[in-house]
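What follows is one structure encoded as structure tokens, with my remarks underneath.
The values are calculated or read from the model by the stated rules, or taken from the named source; none is laboratory data. In this text the structure is predicted, and so the values were computed from the model without any measurement. Glycine gets a Cβ as well: all are built from the backbone with ideal geometry, and neighbour counts include every protein chain shown. Areas reflect the complete protein model, heavy atoms only, side chains present, ligands, DNA and RNA absent. Shrake-Rupley method; radii C 1.70, N 1.55, O 1.52, S 1.80 Å.
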Amino acid sequence: MAREVDLETFADFWKAGAVVLDVREPEEYRAGHVPGAFLAPLSTPAAALPRVPEGRTVYVICASGNRSQWAADRLAAVGMDAVSVAGGTRGWAGAGRPVVTGSAPGAI
């Protein structure tokens with residue numbers, strides 16, 4: 001099972017330039033996502049893998065933490081250092097942290 005971090009811990013890693021995969025669907029991502037997060041919907045998560053630098057921890061986020069845990073578990077099973085973000089984008093935005101709408105340059 002992949003590790004899980006709370007939003008405070010994730011915020012520190014995000015500020016330091018963490019690799020973030022958002023596994024929600026494109027319409028959810030466009031409605032609001034963590035700045036810099038790459039879109040990797042559960043329907044096509046492998047599409048984002050070439051963008052993940054080798055040897056880096058990947059922080060996986062969804063709306064609340066359920067889908068991200070499932071995706072992080074799958075990524076960990078294939079040898080990636082994947083961490084699920086508990087509380088997800090909903091918790092991130094609810095805490096007043098920055099959110100970007102629309103498609104970001106890093107979106108797949």
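Here are the numbers:
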| item | result |
| --- | --- |
| Rounded to the nearest 20 debye, dipole of the chain from Cβ charges on Lys, Arg, Asp, Glu | 140 |
| Cα gyration tensor category, rounded, prolate or oblate, for the chain with a/c compared to 1.5 | rounded |
| Hypothetical label at Asp81: residues of the stretch 16-39 whose amide nitrogen lies under 13 Å (7 Å Cα-Cβ projection) | 18-19 |
| Percent carbon-and-sulfur accessible area, the chain, ignoring ligands, DNA and RNA, probe 1.4 Å | 55 |
| Distance (nanometres) between label positions extended 7 Å along Cα→Cβ at Leu42 and Asp12 | 3.0 |
